[in-house]
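The values are calculated or read from the model by the stated rules, or taken from the named source; none is laboratory data. Please read all numbers here as calculations on a predicted model, not as lab measurements. Don't worry about glycine lacking a Cβ; one is built from the backbone with ideal geometry, like all the others, and counts go over all protein chains shown.
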Amino acid sequence: MAQRNAAELIAGAVVIAVAVGFLGYAVANTGRSVGGGYTLHARFDRIDGLTIGSDVRVAGVKVGSVARAEIDPQTYQAKVDFTVTGGLKLPKDSSAAITSDGLLGGKYISLEPGGADAMLDNGATVTLTQSSVSIEQLMGKFIFGSVGGAKPAGDAATTPAAPK
């Protein structure tokens, strides 16, 4: 009986070790980290499609993620908090834009480093921002804008012909 309990204990320990190994592998290879980095803030007029956990990228490379988004009741702007990896220092005149990952892809924050000598510290605010562009609104303007500019077919018959 003692050998059976020891065998079950060893098998259970191996299962737990394998599970911890898979968890470590998943955390290491998904771009998420357990700690580190620093927090920055930005304000946008629109953040359509940007969600908590969305990427923060510099030159297309993920360097952080969106941590929080809320509305400012005084200005009605969206306040977004996001993290950036600790090894990346951004100049104070850097800009943030909400960009789409392709036509049907998700939204992310694209950071464009500036040229200032001073760097953004933990808790600083990125003041140069560009809000999200709504693909649906652009397509609606294109579709309905082009229809509104054309003459209805009935008007062609009432227009007098030019003299020959």
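Scan the stretch 65-74 and give yes if some residue there is over 26 Å from Leu104 (Cα atoms), modelled with pLDDT under 90 and either outside the structural domain of Pro113 (by TED's automatic domain parsing) or not aliphatic (A, V, I, L, M) (or both), otherwise no. Checked against the condition, which is being over 26 Å from Leu104 (Cα atoms), modelled with pLDDT under 90 and either outside the structural domain of Pro113 (by TED's automatic domain parsing) or not aliphatic (A, V, I, L, M) (or both), the stretch 65-74 yields no hits at all. Reported count of residues in the stretch 113-146, each being aliphatic (A, V, I, L, M) and not in a loop (DSSP other than H, G, I, E, B), is 7.
Might you check whether a residue that is at pLDDT below 85, in contact with a helix residue (DSSP H, G or I) (Cβ under 7 Å, 6 or more places away or on another chain) and farther than 19 Å from Pro113 by Cβ occurs anywhere in the stretch 23-35? Looking through the stretch 23-35, at least one residue is at pLDDT below 85, in contact with a helix residue (DSSP H, G or I) (Cβ under 7 Å, 6 or more places away or on another chain) and farther than 19 Å from Pro113 by Cβ.
Just one of the listed residues (Ile16, Ile52, Ile47) is assigned to a helix (DSSP H, G or I), modelled with pLDDT of 90 or more and out of contact with any Leu (no Cβ under 7 Å at 6 or more places or on another chain), and it is Ile16.
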